[in-house]
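Visitor: Have a look at this one before I ask anything.
The values are calculated or read from the model by the stated rules, or taken from the named source; none is laboratory data. Predicted, not measured: the structure shown is a model, and the values here were computed from it. Backbone-built Cβ (ideal geometry, glycine too); neighbour counts: all protein chains shown. Side chains are part of the model used for accessible areas, which takes the heavy atoms of the whole protein and leaves out ligands, DNA and RNA. Shrake-Rupley method; radii C 1.70, N 1.55, O 1.52, S 1.80 Å.
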Amino acid sequence: MATALAPVENTTGGAPTRPARGRGSKPGSARWWVVLAFVSPFVVGFSVFVLYPVASTLYYSLTDFQAGSYRPVHFVGLRNYRLLFTQSDNFWVSVRNTLWMVAVMVPLRTAWAMLTAWVIIRVKRGRTLYRTLFFLPSMVPVVAAALSFIVLLNPVGPFNRILDLVGISGPGWFSDPAWSKPSLVLMALWASGNVMVIFSAAMLDVPRDLYEAAELDGAGALRKFRSVTLPAISPVVFFAVLTGMIYTFQYFTEAFVASSSSNMTSSSTELLGYPADSLLFYSTELYQQGFSYFKTGYASAMAWLLFLVIFAATVVFIRASRRFVHHAGGSR
């Protein structure tokens, strides 16, 4: 038989005392300074490296500030934004080149990654080896990859020599304005292994019973891809196109290396965008205005305009995706 414990009497004559609770015994009883100490690295890093630079560029875009200049800074309002559209020829050239890359490179890179993933998952033997071979180029540093392609696609380089052996006269590639941007597209297709891996995982996740039902209906390989695989992986297609579009709007490193390394002139004004401004993209023009001409206010206006364009394009693309993106359990 259990015996009840007698209550503890207070010998002082006061009210009965309760056992003292230890620190941290009650959920949510941590001191505010402890919480602040744990989140302070993120708060400080975000404030110093993100919030302050963003706010500074917004302010500089409304001024005539020039980095390294001792002149007083004057507030000019929207003058920098008006100059972009009215007094800059390079601005429109860079816009056209950037839109060309978005319209050509993003669909081709997505389609190529999807095609290679579809072919690899159909291979019975050596699938892991082929997937590794296609993925390895995406691990090569961008600068090294660009320099390698400049050597390979040199007018007198290895690739043109191979074409000469079969009776084809190779183009100038990076030294020819008509072929400079297609050369960058070829490099992007070569380094699309990371997107290919994502497509491979998505295709392997498609339910097998859907393919079996399509086979019972007499569907061939292409029909199964169009009617079964493509709708099932549409969220991954949406992700690949959206991230590719955002990246291409900010396309810089490959174009900078290609135009700088292919340029045989010594004039710094002809360095970026060579040949004939065919590789002058929006980000390279922004870099040139901000770090070559030190027009910090003008470059800040370009940066904010780029942000607004990417934000608007992303919103429009997300809303339009409801028509063709099919999620599990139905479309949204």
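Visitor: Could you tell me whether A258 is modelled with pLDDT under 95 and surrounded by fewer than 17 Cβ atoms within 10 Å (Cβ to Cβ)?
Guide: no
Visitor: Another question, then. Would you please list the contacts, defined by Cβ atoms under 9 Å and residues six or more apart or on different chains, that run from a residue in region 42-58 that is within 19 Å of L308 (Cα to Cα) and open to solvent by less than 60 Å² (accessible area, probe 1.4 Å) to a residue that is hydroxyl-bearing (S, T, Y) and in a helix (DSSP H, G or I)?
Guide: As it stands, the answer is S56/S300; T57/T296; T57/S300, since those pairs meet every condition given.
Condition check ((1) modelled with pLDDT under 85; (2) not β-branched (V, I, T)) across all residues:
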residue: T11; (1), (2): yes, no
residue: R21; (1), (2): yes, yes
residue: T57; (1), (2): no, no
residue: Y60; (1), (2): no, yes
residue: T63; (1), (2): no, no
residue: Q66; (1), (2): no, yes
residue: L83; (1), (2): no, yes
residue: N90; (1), (2): no, yes
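Visitor: Now, a different point. Here are some residues: S169, S180. Which one is among the polar types (S, T, N, Q), surrounded by 15 or more Cβ atoms within 10 Å (Cβ to Cβ) and either more than 17 Å from T110 (Cα to Cα) or free of Cβ contacts under 8 Å to residues at least 24 places away in the same chain (or both)?
Guide: Checking each option against the conditions leaves just S180.
Visitor: Need the failing condition index for G220 against (1) free of Cβ contacts under 8 Å to residues at least 12 places away in the same chain; (2) open to solvent by 50 Å² or more (accessible area, probe 1.4 Å), just the number.
Guide: Evaluating G220 over (1) free of Cβ contacts under 8 Å to residues at least 12 places away in the same chain; (2) open to solvent by 50 Å² or more (accessible area, probe 1.4 Å) leaves (2) as the failure.
Visitor: Just checking, how many residues over region 113-131 are open to solvent by 40 Å² or more (accessible area, probe 1.4 Å) and aliphatic (A, V, I, L, M)?
Guide: Total meeting the criteria: 3.
Visitor: Find the residue count for region 199-209, including only residues that are farther than 15 Å from Y130 by Cα and assigned to a helix (DSSP H, G or I).
Guide: Final tally of qualifying residues: 5.
Visitor: Restricting to region 138-166, name every residue that is of a type in the set (F, W, Y) and open to solvent by less than 30 Å² (accessible area, probe 1.4 Å).
Guide: F149
Visitor: Same structure, new question: Could you say whether any residue in region 178-190 is touching a Gly at 6+ places or on another chain (Cβ under 7 Å), part of a helix (DSSP H, G or I) and not basic (K, R)?
Guide: no
Visitor: Quickly run through region 59-89 and pick out the residues that are outside any loop (DSSP other than H, G, I, E, B) and open to solvent by less than 80 Å² (accessible area, probe 1.4 Å).
Guide: Once the filter is applied, which keeps residues that are outside any loop (DSSP other than H, G, I, E, B) and open to solvent by less than 80 Å² (accessible area, probe 1.4 Å), region 59-89 yields Y60, T63, N80, Y81, L83, L84.
Visitor: Let me ask something else. What is the one condition in (1) among the aliphatic types (A, V, I, L, M); (2) at pLDDT 90 or above; (3) open to solvent by 30 Å² or more (accessible area, probe 1.4 Å); (4) more than 30 Å from V93 (Cβ to Cβ) that I233 does not satisfy?
Guide: With (1) among the aliphatic types (A, V, I, L, M); (2) at pLDDT 90 or above; (3) open to solvent by 30 Å² or more (accessible area, probe 1.4 Å); (4) more than 30 Å from V93 (Cβ to Cβ) applied to I233, the lone miss is (3).
Condition check ((1) at pLDDT 95 or above; (2) over 35 Å from the mean Cα position of the chain (by Cα); (3) in a helix (DSSP H, G or I)) across all residues:
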| residue | (1), (2), (3) |
| --- | --- |
| M1 | no, yes, no |
| P16 | no, yes, no |
| F46 | no, no, yes |
| P107 | yes, no, yes |
| W112 | yes, no, yes |
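Visitor: Moving on to the next point. Could you list, in sequence order, the residues of region 219-249 that are under 23 Å from the mean Cα position of the chain (by Cα) and among the polar types (S, T, N, Q)?
Guide: S234, T243, T248, listed by residue number.
Visitor: Looking at I121 and the list (1) closer than 30 Å to V197 by Cα; (2) touching a residue at least 24 places away in the same chain (Cβ under 8 Å); (3) under 25 Å from the mean Cα position of the chain (by Cα), which single condition is not satisfied?
Guide: It is condition (3) that I121 fails.
Visitor: Could you run through region 275-297 and say how many residues are open to solvent by 30 Å² or more (accessible area, probe 1.4 Å) and either outside any loop (DSSP other than H, G, I, E, B) or among the aromatic types (F, W, Y) (or both)?
Guide: The number of residues fulfilling the criteria is 6.
Visitor: Among the candidates A213, A276, A188, A232, single out the residue that is of a type in the set (A, V, I, L, M) and without any contact (Cβ under 8 Å) to a residue 60 or more places away in the chain.
Guide: That would be A213, the only listed residue that is of a type in the set (A, V, I, L, M) and without any contact (Cβ under 8 Å) to a residue 60 or more places away in the chain.
Visitor: Let me ask something else about it. Only one of these is small (G, A, S), closer than 25 Å to T110 by Cα and at pLDDT below 90: G220, G193. Name it.
Guide: Being small (G, A, S), closer than 25 Å to T110 by Cα and at pLDDT below 90 holds for just one of G220, G193, which is G220.
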